[in-house]
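S.K.: What follows is a single structure, and I will ask about it in a moment.
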Amino acid sequence: MILSMTGYGKATEHFNDKNIIVELRALNSKNLDLKTRIPSNYREMEMPIRKILSQLLKRGKIDLNIQIEDLEDRPKNKINTPVLKQYLADLNQVYPDADQSVLIAAALRLPDVLKPEEDELSNAEQQAVIKTITEAAKLLTRYRKDEGQALENDLKLRLKNISETLKDIEQLDKERLDKIKQRLKDALSQLQQDVDQNRFEQELIYYLEKLDINEEKVRLKNHLQYFEKELQKPDEMKGKKLGFISQEIGREINTIGSKANDSQIQRKVVQMKDELEKIKEQVLNVL
């Protein structure tokens, strides 16, 4: 089982005369990169919120947006009385004969006279916010699981394609070694001098060992099996591990290509590299 890093979750909780709306979006990232848009009266909760999301979502570029929807009409701002009184005192000194209603109207337009209405954040409301965030994170995780299943199916297909191509290479490799032996014997027969047969056999063995790809084939097969075994494990975070295994797969494929010295095998190596690149692209999106 694997989880995708991308996902979306939205949850709403009714509290008193308002709705708390939480939206979470997740994209690819090597580590946890959390960006928050939180109402000012919830700012004191930012550190606990970050801790909860790091535990629930583990990794990815996470965007959190919390909105408050008021269900009752009520003033959005309240008068900062001390500031208003100070403005009126100053204005009365400058315009002692002015109409008070005119001065009050002017003072109300001055900075800091009106300030947002903010209720004291109760413990019950904090719990409602945490509950809503947790629910949104669960929905995002469900989304990640659905996307992860599609990723897993694609990765298994790519692994199967590489395994099938490796079988083709194993068949071609048997013919390749016979061709190499025959080429060397033909070249030797054209020489106009006697050659020590024992020395020739030793050189032939040395040359064939340098071109031998049996170890690489075995290691590649093991890496493919290891990759698929990791896909089946219940661990949620395995993207980095799969990335490391895919690097090892690539190393063996490259070595087979460089040692094979055979055009048909080279074409098969190109096919495996193409499938591996698709695996690497998909692994970047695995949690």
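S.K.: Mind checking whether some residue in region 222-234 is more than 17 Å from ILE169 (Cα to Cα), surrounded by fewer than 16 Cβ atoms within 10 Å (Cβ to Cβ), in the same structural domain as ALA260 (by TED's automatic domain parsing) and modelled with pLDDT under 85?
M.R.: Yes: region 222-234 contains one or more residues that are more than 17 Å from ILE169 (Cα to Cα), surrounded by fewer than 16 Cβ atoms within 10 Å (Cβ to Cβ), in the same structural domain as ALA260 (by TED's automatic domain parsing) and modelled with pLDDT under 85.
S.K.: Out of everything in region 235-246 that is of a type outside the set (D, E, K, R) and without any contact (Cβ under 8 Å) to a residue 24 or more places away in the chain, what residue ends up being surrounded by the most Cβ atoms within 10 Å (Cβ to Cβ)? Explain how you work it out, then say what you get.
M.R.: Step one: of region 235-246, the residues of a type outside the set (D, E, K, R) are 237, 239, 242-246.
Of the ones still in play, those that are also without any contact (Cβ under 8 Å) to a residue 24 or more places away in the chain are 244-245.
Values: PHE244: 10, ILE245: 19.
Selected residue: ILE245.
S.K.: Quick check on this structure: which one of GLU275, GLU252 is touching a helix residue (DSSP H, G or I) at 6+ places or on another chain (Cβ under 9 Å), buried (at least 19 other Cβ atoms within 10 Å of the Cβ), part of a helix (DSSP H, G or I) and without any contact (Cβ under 8 Å) to a residue 60 or more places away in the chain?
M.R.: Numbers: GLU275 fails: without any contact (Cβ under 8 Å) to a residue 60 or more places away in the chain.
Answer to the check: GLU252.
S.K.: Go through region 27-70 residue by residue and tally those that are without any contact (Cβ under 8 Å) to a residue 60 or more places away in the chain, under 24 Å from TYR143 (Cα atoms) and among the hydrophobic types (A, V, I, L, M, F, W, C).
M.R.: Looking only at that region, the number is 5.
S.K.: Which pairs turn up if I take residues in region 98-114 that are closer than 10 Å to LEU88 by Cα and look for partners that are in a helix (DSSP H, G or I) and not aliphatic (A, V, I, L, M) with beta carbon separation below 7 Å, at least 6 apart in sequence or on another chain?
M.R.: Sorted first by the residue in region 98-114, then by its partner, the pairs are LEU103/ASN92; ALA107/TYR87.
S.K.: Is one or more of the residues making up region 122-140 surrounded by fewer than 16 Cβ atoms within 10 Å (Cβ to Cβ) and outside any helix (DSSP H, G or I)?
M.R.: Scanning region 122-140, I find at least one residue that is surrounded by fewer than 16 Cβ atoms within 10 Å (Cβ to Cβ) and outside any helix (DSSP H, G or I), so the answer is yes.
S.K.: Among all residue pairs at least 6 apart or on different chains, which show Cβ distances below 8 Å where the first residue, located in region 1-26, is closer than 9 Å to LEU140 by Cα and the second is part of a strand (DSSP E or B) and among the basic types (Lys, Arg)?
M.R.: GLY7/ARG25; TYR8/ARG25; LEU24/LYS10; ALA26/LYS61
S.K.: Scan region 25-59 for residues that are basic (Lys, Arg), under 27 Å from LEU151 (Cβ atoms) and exposed (fewer than 14 other Cβ atoms within 10 Å of the Cβ) and jot them down.
M.R.: Within region 25-59, LYS30, LYS35 qualify.
S.K.: Applying the selection to region 1-46, what residues are of a type in the set (Gly, Ala, Ser) and under 21 Å from LEU287 (Cα atoms)?
M.R.: The initial filter retains those residues of region 1-46 that are of a type in the set (Gly, Ala, Ser), namely 4, 7, 9, 11, 26, 29, 40.
SER4, GLY7, GLY9, ALA26, SER29, listed by residue number.
S.K.: Residue check: is GLU236 part of a helix (DSSP H, G or I) and not polar (S, T, N, Q)?
M.R.: Working: part of a helix (DSSP H, G or I): no; not polar (S, T, N, Q): yes.
It is false that GLU236 is part of a helix (DSSP H, G or I) and not polar (S, T, N, Q).
The values are calculated or read from the model by the stated rules, or taken from the named source; none is laboratory data. Remember, it's a predicted structure, so these values are computed and weren't measured experimentally. All Cβ positions, glycine included, derive from the backbone under ideal geometry; neighbour counts span all protein chains shown.
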